[in-house]
Amino acid sequence: MKRDLEKLSRGEFDVVVIGAGIYGAATAWDATLRGLKVVIIDKGDFGNATSANSLKIIHGGLRYLQNLDFKRMRESIRERMVMMNIAPNLIYPMPVLMPTYSYKLKSRLAMAMALLANDIVGFDRNGLTDPHKFIPRGHTMSKKKIKELIPGYDKYNLNGGALWYDCQCYNTERLLLHFVLSAVKKGAEAANYLKATELITQGSRVTGIKAEDVLSGDRFEIKAKLVVNDAGPWVDKILASLNGKAPAKKFNLSTAMNIVVDRDIMGNYSAGLSGPYCHQFEDGTEYRAHRMLFFAPWRKKTIIGTNHLPYYGDQDEYKVTEAEIQEFLADVNQAHPGAIIKREEVSFFYGGFLPMTGTNPKTGEVQLERHYRLVDHSVEDGVEGLVTAVGVKYTTARDVASKTVALLFEKMGKKAPNCLSDKVRLYGGEIEDFSEFLKSNIDSNSNKLDEEVIRHLSYNYGSAINSILSYEKESEKLLTKISGSNEVIRAEIVHAVREEMAQRLSDVVLRRTDLGSAGNPGESALQQAANIMGAELNWNKEKIQQEIKDVNQIYIPADN
């Protein structure tokens, strides 16, 4: 995957996708699979913004039962299975616990009925042949058992618990990247750090975009028959000058924050635990209630979320504050007193945006948008050639992308070819039985790498693992680990630059490798990684040090 901006300026495309989050990446892949000439761009790195803020969960939609929204449950259950199929190295089942209480709607009986309904609605959830992807039925358990599985938890008239299964993503950043890589390998063009500055119009039709290279400042145009605005929280900025006026707002901002704790609190299970919620109104009155907090074990650490707040500032200026971390951590410790998490154990924090309908006037709680929006601007604004998509959920991005591409064909007056993105494996996904694949890699380890390294490479690169191991032919040193890491090797950084369009040190540390996705890897690791990138990209000493400084800033929250 090469960043060829001259090719973009000279070409004429069927579709330009603005925004390389999970929705844009999935759209580019689907459109390319169906034969369209596609280019996808992002003003930052691929998946560097909202899509990077994730609990790493691929949801089956159990929570939709409370609203009897069986349609959304079916969509989520199907997409969960699709994701396990097209990215078998990255998606796998995960057991989830939820305590039950003496209250009627949160009782053991109520949960038993909910799990039964979940199993019935998801009757075909095990449509894959890979035993690694099997999702068992849910069931309830005794108070004694739930306390064994969640040590130190005994709150709110606890009377038992429930167990069901969802899915976890080993690496959401690489999952997104594999959508982009798959599209490029099929013929699409892609460029990160390329900002769409303006829509080009001829009369009432959008015919492309004006773009600026964020790295060099160069400006040029990209011509296309259709433009898809998949810019997430930035969709309204893209539309700001549409048809000489700002159209109706598409994305009302709310922040979503998750934290990473440098300790495995949960063991083998994730858990949804009831925690406190407090909102103070302008007149000084307070509303107090409870909300569900999710604890997920992830690579010997724990991800906890999510804290939702309304946001009325500029998207580009948002950063998680220290006060937000402290306040959320206090709520987390009340939700699970046995965890006793200290502030210094919070190794990282993720902050992103989700669209909201507003806040509840009685409680102050953020009310999130429940359904995606797909806007044909010829209908809404009288402008042809432009479609805007606003997603609400990581799990169903591929499905929304398929609907987006179907609309594109409709706008071109063509019959849409069958969607294939639910069947064709992503880059690295040519694996029939993941457990056997992993065992084979460990057993045939001719490179004499640590088992932990082989396991890490098998998950992150899947069937493309040899694209990393083959660097041994260039230098055996490239298969040695980065200082301070138990699994990331030098070859991954070289590969990220040469084949995965890594332009900044943060691209490698946060999104191409696991080096810093759960916390600052330390000065030695950053220096070593920067030196390797510097050698590939001809950075001088000043540039290397600036890149290290920029990465260190990512791990420091904003002042209160």
Next item on the list: Would you give the gap between the C-alpha center of region 326-355 and the C-alpha center of region 411-483, rounded to a whole Å?
Entry: 33
Check: In the chain, with Lys and Arg counted as +1 and Asp and Glu as -1 at Cβ, which of these residues, A190, P361, G44, has the Cα nearest the positive end of the dipole, that is, farthest along it?
Finding: P361
Check: How do the peptides 352-358, 161-167, 340-346 rank, highest first, by the average count of neighbouring beta carbon atoms within 10 Å per residue?
Finding: 161-167, 352-358, 340-346
Item checked: Farthest positive-ward along region 69-137 dipole, Cα basis, beta-carbon charges - from H132, Y92, N118 -> N118
Item checked: region 504-560 and region 28-95: distance between their alpha carbon centers, rounded to Å -> 28
Check: What length, rounded to one decimal in nm, is gained on full extension from E472 through to E221, with 0.36 nm per residue of separation minus their alpha-carbon distance?
Finding: 86.3 nm
Checklist line | Alpha-carbon centroid distance for the pair region 199-252 / region 137-171, whole angstrom | finding: 47
Notebook entry, point to check: Dipole magnitude of the chain about its Cα centre, charges +1 at Lys/Arg Cβ and -1 at Asp/Glu Cβ only, in debye to the nearest 20?
Noted result: 1480
Check: Counting only residues 5 or more places away or on other chains, whose amide H sits under 5 Å from the amide H of Q367 once H atoms are built in the peptide plane?
Finding: T357, G358, T359, N360
Note to self: Could you give each residue of region 90-101 its phi-based ³J(HN,Hα) in whole Hz, using Karplus coefficients 6.51, -1.76, 1.60 with θ = phi - 60°, and x for Gly or Pro?
What the structure shows: 10, 10, 8, x, 9, x, 10, 9, 9, x, 10, 10
Item checked: Under Karplus coefficients 6.51, -1.76 and 1.60, residue-wise ³J(HN,Hα) of region 52-67 in Hz, glycine/proline x -> 7, 9, 8, 7, 6, 9, 9, 7, x, x, 4, 5, 6, 4, 5, 9
Notebook entry, point to check: Amide H neighbours of T207 under 5 Å, counting only residues 5+ apart in sequence or on other chains, H built in-plane at 1.01 Å?
Noted result: I200, T201, Q202
Notebook entry, point to check: Between K403 and D316, how many nm apart are label points set 7 Å from Cα along the C-beta direction?
Noted result: 3.1
Note to self: Assuming 0.36 nm per residue, please report the length gained on full extension of the stretch L109 to D69 beyond their Cα-Cα distance.
What the structure shows: 12.4 nm
Margin query: Checking the a/c ratio against 1.5 first, then a/b against b/c, what shape does the Cα gyration tensor give for region 434-554?
Written below: prolate
Margin query: Which of the three applies to region 253-368, rounded, prolate or oblate, going by the alpha-carbon gyration tensor with a ≥ b ≥ c and a/c under 1.5 meaning rounded?
Written below: prolate
Item checked: Cα gyration tensor shape of the chain, rounded if a/c is under 1.5, else prolate or oblate by comparing a/b with b/c -> rounded
Item checked: Whole-Hz ³J(HN,Hα) from phi, Karplus 6.51 cos²θ - 1.76 cosθ + 1.60, for region 38-44, glycine and proline x -> 10, 10, 10, 10, 8, 6, x
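Which ordering of V453, V15, V392 is given by a fewest-first count of other beta-carbon atoms within 10 Å? Walk me through the numbers on the way to the answer.
On the way: V453 20, V15 24, V392 17.
With the fewest neighbours first, V453, V15, V392 line up as V392, V453, V15.
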Margin query: So for each of 437-444, 489-496, 506-513 I average, over its residues, the number of other beta carbons within 10 Å; can you give me the resulting order with the highest mean first?
Written below: 506-513, 489-496, 437-444
Item checked: Dipole axis of region 414-533 (+1 Lys, Arg; -1 Asp, Glu on Cβ), positive-most option in N418, A464, I431 -> N418
Notebook entry, point to check: Which value in deg cm²/dmol, rounded to the nearest 500, describes the helix-derived mean residue ellipticity at 222 nm for the chain, given -39,500 (n - 2.57) per DSSP H run of n ≥ 4 and division by the residue count?
Noted result: -9000 deg cm²/dmol
Item checked: Amide H within-cut-off set for C167, under 5 Å, with H built and near neighbours excluded -> I58, G60, M94
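Where a number appears in this text, it was derived from the coordinates with a stated rule and is not lab data. Keep in mind that what you see is a predicted model, and the values were worked out from it rather than measured. Don't worry about glycine lacking a Cβ; one is built from the backbone with ideal geometry, like all the others, and counts go over all protein chains shown.
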